[in-house]
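Asker: Okay, handing you the structure first.
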Amino acid sequence: MSRRHKTLATLKCGLRCSLGSFSRRDFITLTLAVLPVPFFSFVESGPNRKPTVTNRVYFDISVGNEYLGRMVFDLYGRDAPETVSTFLQFLKGVHNKDRTKDLNLSDQKLVEEEEEDLIYSEEPFVSYDFSLFYRCSPGILLEGGKIPNLRLTSVGDTTFYDIGGALIAANPQVETNSLKHTERGLLTRKRLQFGPEFGITLAGHPELDVSHTVFGKLEQGYEVLEAIESLPVLVDSNRREGKTLSSKLFDWQRNLFLTIGRDVFHDKRADEIYPNKLLRRVAVISSGML
């Protein structure tokens with residue numbers, strides 16, 4: 001018997017039944033037969049639904065010159081397709097042969113004079129390999145995905161990634177979904193943000209629901225996350241009341257790290273001062289799909 005015939009038979013059965021003899025089973029059968037498919041799509045997208053894992057990726061992490069460990073992430077490509085697509089783009093590597101991809105005609109004219117001098121390479125142009133975790137806000141968010149020498153620039157009304165004078169079109173992510181920042185280890189990205197940066201939650205933090213989109217979760221490597229979280233960060237001394245011995249020691253340690261980074265390792269990050277900046281170089285030394 002076809003589904004249509006089953007539905008009609010169920011409806012007839014329901015109409016024949018009196019209110020007193022209409023069982024719970026009959027009611028459920030009738031409801032399942034007549035409710036539209038979109039209703040069940042809505043139910044499945046509720047807050048208790050477990051996100052579908054579409055991709056699994058890894059980052060191998062170092063602190064300074066020492067290997068720290070591997071972080072493995074599950075990505076939710078069905079819940080955040082645009083955000084996951086951007087993340088995978090930088091994981092796999094943007095090639096310089098993609099330099100003028102997605103440019104409109106007027107923008108392309110601005111760079112076409114340089115096009116003849118461009119030597120294309122099959123090697124990734126920019127990627128998460130050698131990107132940095134750069135900020136740790138205690139109990140809130142660890143921020144990473146910062147690619148050295150990658151900056152944003154505008155040509156006309158279009159924003160581009162600019163690295164070494166080569167331009168690649170950049171688009172902000174405005175994607176939203178029903179996933180909430182309820183626990184530690186969630187991958188998240190700030191909405192309306194250009195660039196490859198992302199964050200990992202350090203605890204449940206509902207305030208992030210307003211500005212960020214969850215697109216994955218850390219599955220392996222929580223000990224790596226804890227080790228990064230324990231590293232010293234730059235604290236705004238103006239927010240501290242008084243100068244205790246411990247705060248003076250911290251200031252000395254901070255200045256030491258900044259001096260070594262600037263003068264010994266020639267790390268340009270030492271000249272970038274912002275709250276909660278990591279004072280050790282935390283880098284992705286390799287990344288890929290699993």
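Asker: Is it the case that some residue within region 145-159 is surrounded by 16 or more Cβ atoms within 10 Å (Cβ to Cβ), touching a residue at least 60 places away in the same chain (Cβ under 8 Å) and within 20 Å of the chain's Cα centre (by Cα)?
Answerer: Taking region 145-159 as the starting set, the residues that turn out to be surrounded by 16 or more Cβ atoms within 10 Å (Cβ to Cβ) are 145-147, 150, 155, 158-159.
Imposing the further condition that a residue be touching a residue at least 60 places away in the same chain (Cβ under 8 Å) reduces the set to none.
Among the residues of region 145-159, not one is surrounded by 16 or more Cβ atoms within 10 Å (Cβ to Cβ), touching a residue at least 60 places away in the same chain (Cβ under 8 Å) and within 20 Å of the chain's Cα centre (by Cα), which makes the answer no.
Asker: Hey, could you check region 68-87 for residues that are surrounded by fewer than 16 Cβ atoms within 10 Å (Cβ to Cβ) and not small (Gly, Ala, Ser) and say which is nearest to residue 199 (Cα to Cα)? Before you say what the answer is, go through the steps one by one.
Answerer: First pass over region 68-87, keeping only residues surrounded by fewer than 16 Cβ atoms within 10 Å (Cβ to Cβ): 70, 72, 78, 81-82, 85.
Still in the running and not small (Gly, Ala, Ser): 70, 72, 78, 81-82.
Numbers: 70: 16, 72: 14, 78: 19, 81: 17, 82: 16 Å.
So the residue we want is 72.
Asker: Going residue by residue through region 135-145, is there one that turns out to be farther than 20 Å from residue 71 by Cα and at pLDDT below 95? Walk me through it before giving the result.
Answerer: Step one: of region 135-145, the residues farther than 20 Å from residue 71 by Cα are none.
No, that holds for no residue.
Asker: Okay, next question. Quick test of your reading of the structure: residue 214 fulfils all but one of (1) in a strand (DSSP E or B); (2) touching a residue at least 12 places away in the same chain (Cβ under 8 Å); (3) more than 13 Å from the chain's Cα centre (by Cα). Name the failing condition by number.
Answerer: Going through the list (1) in a strand (DSSP E or B); (2) touching a residue at least 12 places away in the same chain (Cβ under 8 Å); (3) more than 13 Å from the chain's Cα centre (by Cα), residue 214 breaks only (3).
Asker: Could you check, for region 200-207, whether at least one of its residues is assigned to a loop (DSSP other than H, G, I, E, B), within 23 Å of residue 287 (Cβ to Cβ) and either modelled with pLDDT under 95 or not β-branched (Val, Ile, Thr) (or both)? Explain how you work it out, then say what you get.
Answerer: Of the residues in region 200-207, the ones assigned to a loop (DSSP other than H, G, I, E, B) are 202-205.
Still in the list and also within 23 Å of residue 287 (Cβ to Cβ): 202.
Next, from what is left, pick out any that are either modelled with pLDDT under 95 or not β-branched (Val, Ile, Thr) (or both): 202.
Taking every residue of region 200-207 in turn, at least one turns out to be assigned to a loop (DSSP other than H, G, I, E, B), within 23 Å of residue 287 (Cβ to Cβ) and either modelled with pLDDT under 95 or not β-branched (Val, Ile, Thr) (or both).
Asker: Taking only region 177-200 into account, find how many residues are touching a helix residue (DSSP H, G or I) at 6+ places or on another chain (Cβ under 7 Å) and polar (S, T, N, Q).
Answerer: Summing the residues that are touching a helix residue (DSSP H, G or I) at 6+ places or on another chain (Cβ under 7 Å) and polar (S, T, N, Q) in region 177-200 gives 1.
Asker: Can you spot a residue in region 177-194 that is crowded, with 21+ Cβ neighbours inside 10 Å, at pLDDT below 95 and closer than 21 Å to residue 150 by Cα?
Answerer: Quick first cut of region 177-194, residues crowded, with 21+ Cβ neighbours inside 10 Å only: 179, 181, 186-189.
Filter once more, so that each one left must be at pLDDT below 95: none.
No, every residue in region 177-194 fails to be crowded, with 21+ Cβ neighbours inside 10 Å, at pLDDT below 95 and closer than 21 Å to residue 150 by Cα.
The values are calculated or read from the model by the stated rules, or taken from the named source; none is laboratory data. Here the structure is a predicted model, which means the values were calculated and not measured. So basically every Cβ, Gly included, is an ideal-geometry build from the backbone, and we count neighbours across all protein chains shown.
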